[in-house]
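Everything below concerns the one structure shown next.
No value in this document is a laboratory result; all are computed from the given coordinates. Worth saying up front: this structure is predicted, and the values here are computed from it rather than measured. Virtual Cβ from ideal backbone geometry, glycine too; neighbours counted across all protein chains shown.
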Amino acid sequence: MPAGDRPRFVAVGASGAEGLRDIRALLVALPAPLRAVLLVLLRPWDRPSHLRAILAQACPHPVLIADAGERFGPGRIDIGEPARHPILADRSFGEIVADPMRLHGNRTVDLLFHSVARHGRGRMIGVVLSGSLDGGARGLAAIHRAGGLTMVLTPEPPPRHGMPESAIARDGPIATIGSPRTIAADDPPGIAGEAAPQAEPARAPAPPALAPLPHPG
């Protein structure tokens, strides 16, 4: 597939009720149709999840549960299920990391981000939203090192130190720090639907050629 035809990969990580609120706000603010592959991961994974129903009701984009061996495509949102973490594999295919014993703990967002850094071929964006601890910080740094863009929710005031604060401290320069709406509005070309190109303004007709002056006799 030519480089210009490959979609961008956008990986979004968050945790808890605040993270769910931020994910909803971000997806609602992204206009349809989506031209990127959106992979969304919300911790924790140790309890039944109604994430698909919640997001499908809140945003205009199709929400699907990622499955192993399926090719991720633009125009939809792929999520995981409890104890089954979606990651990106080669050539836009997905894999599922089964984790019934929670061996990955709070590193599930890092799993996703590292896979996107490895297989996104420079066309990727990592987004860290609300959440506790430092999940996603290492993976976001990997996306940055691989040439991708990094975006982080505006941190809470001290003394709180969660996912956004950890990501900023570890990753260094962040492309965008702001609210979910700000992050959605600052997306680079190739993620959300683009407006139809404006027609070039009509050019004024060229002036008629002047007749040559008569030669003095």
The range 82-157 shape via C-alpha gyration tensor axes, a/c threshold 1.5: oblate
FRET efficiency, Arg35 to Thr182 (Cβ-Cβ, R0 25 Å, nearest 0.05): 0.80
Within the range 71-93: backbone nitrogen closer than 16 Å to the Arg118 label point (7 Å, Cα to C-beta): 85-93
Residues whose placed amide H lies under 5 Å from that of Phe93, excluding near-sequence neighbours: Phe72
3J(HN,Hα) from dihedral phi, the range 75-80, Karplus parametrisation 6.51/-1.76/1.60, rounded to Hz, x for glycine, proline: x, 8, 10, 9, 10, x
Order by protection proxy (mean Cβ within 10 Å, highest first), peptides 76-86, 57-67, 12-22: 12-22, 76-86, 57-67
